[in-house]
């Protein structure tokens, strides 16, 4: 019996939607769905207000009737109670009608209905983790894009170093004092006093100028209390003392605050220079992200290169293909991926796990999902020369980013033999192509950290790069990051080509027929040269630098003529590597 019950619970949890575990903030699709949920709540609230209005109207009518009696008949010079009818009605009112008014359960019934309606919708509403995740998203945007918190609170995206908004919303929305208090509280609970100071200061400023609302979670007193302690933890004792004294004006009987005031005064008297109010609030160094400065500068497009139609970078090799998909294709991909979206995971030792440094949801699409998937695989093969059919490549991965959605610096290829990639027996990821399925108004760039450039989101374009060197080793210059999305709903699609180690004989047997097919289906002189060169090395099994180096130059310059140079270069490189694997040859090949 117990085991059956346990199995039921496990199956129930597995079939519950992701949002029941508080992961709404990881995907803007889920956040958009919350809008319709709130609309339903508004409808329920309207019904509640109407019922309450009717209840209050009945009470007002009773009040009007009773007061009119006291203003009229009960003010007569003669004894009003001498009238037996008036006396009866007085007794009835006091014993029956007043009892019904005072002990009416109509108000409880109305609020009970509203609570039941809310409870039925609760599974589709944000959880505490979503609130925390949304707050972290705002703090992430603040940090990565160097945003001024006061401007952000007013609905403007203004950097500290530049008073001009670098992006303007068509309809701006401001944060309230309670909003700022909750963001600060999230940081405070994590002992992140750098952020808590900035957000609590805004909360105090806004609370001072407005009246408290019953729907608020925080108050001016709460904000002052938390801000004072945050300043104390950052070393600003003078400011902590000033805020605590202000708090005592609102709550003079608070013994804990009295104790804090005495403590702060003692600290100031003992060590005034080191605890003065002139301390500058400094953001703590990153604990786990050594490349933070480069990552954030590149996300701000500092140091980025101009976008070119053909090549963005040669080392690492990165190219942007414009207009890679149509609007209709992008829409279909998003549509068929939606039901399968789940929280994105990262490699964690030999396992996979969710992580704060990757905020998104993803789904995997097989060719059978929709005909557009097969078309895109063919298109990828045409522009890259790579066989991207499973098992030579992974399925298409569609990703939707959440609030401040990002993916901090990482490699697409495996960096250790214990990576989950190797357990799949698909080999390491030799190349990546990323297709932008939606526009992004601000943020969301792809930043290559060590190569020092970033690529903004270009709707319907595809970004391609090699993850591995020719010898199969990972290219450290491909360390890249998905910058946080400031405004927009970012959808991306990824395809990773996997690398399988094969013998030289196998490579020869694979490559040779491909060249024959190419030579029979095209009149390109470059293909004919490659075919002749292959025939020569097959018969002689030797070659000199005078033979292959000019051919490589031909391949290199031919890319500007629109040929499938990438495919030809890969074929030639494999032939040379297998037929004559000398170190000197490899070193020469690295020039290209």
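No lab work stands behind these numbers, since they all come straight from the coordinates. Quick caveat, the model's predicted, so the values are computed rather than measured. Because the Cβ atoms are built from the backbone with ideal geometry, glycine has one as well, and the counts that use them run over all protein chains shown.
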> Taking 0.36 nm per residue of separation and subtracting the Cα-Cα distance, what length does fully extending residue 97 through residue 124 add?
Replying inline: 5.4 nm
> With each label point set 7 Å from Cα along the Cα-Cβ vector, what nm distance links residue 36 and residue 254?
Replying inline: 4.4
> Can you sort 149, 383 by how many other beta carbons sit within 10 Å, fewest first?
Replying inline: 383, 149
>> Given contacts defined as C-alpha pairs under 8 Å and at least six residues apart, what's the relative contact order of the range 436-492, whole-number percent?
In response: 53
> Efficiency by 1/(1 + (r/R0)^6): what FRET value for residue 165 and residue 367, r their Cβ-Cβ distance, R0 = 51 Å, to the nearest 0.05?
Replying inline: 0.70
>> Let me test this: with uniform point scatterers at the alpha carbons of the range 135-280, what is the Debye-based log₁₀ I(q)/I(0) at q = 0.10, 0.13, 0.14 1/Å?
In response: -0.38, -0.62, -0.71
>> Could you list 49, 433 so that the one with the fewest beta carbons within 10 Å of its beta carbon is first and the one with the most is last?
In response: 49, 433
>> Binning at 5 angstrom from zero up to the longest distance, how are the C-alpha pair distances of the range 307-499 distributed in percent?
In response: 1, 8, 16, 22, 23, 18, 9, 2, 0
> In bins 5 Å wide, starting from 0, what share of all Cα pairs of the range 28-124 does each bin hold, as a percent?
Replying inline: 3, 10, 15, 14, 11, 9, 8, 7, 6, 5, 4, 3, 2, 1, 0, 0
> Relative to the present Cα-Cα distance, how much length would full extension add between residue 173 and residue 70 at 0.36 nm per residue of separation?
Replying inline: 31.9 nm
>> Just want to confirm a number: the relative contact order over the range 128-273, from Cα pairs under 8 angstrom separated by 6+ residues, in percent.
In response: 15
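I need 446, 234 ordered by Cβ neighbour count within 10 Å, fewest first.
Numbers: 446 23, 234 19.
Ascending Cβ contact count within 10 Å gives the list 234, 446.
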>> Let me make sure I get this right: for the range 177-263, a, b and c are the square roots of the gyration tensor eigenvalues over alpha carbons, sorted descending. Under 1.5 in a/c it's rounded, otherwise prolate if a/b > b/c, else oblate. Which is it?
In response: oblate
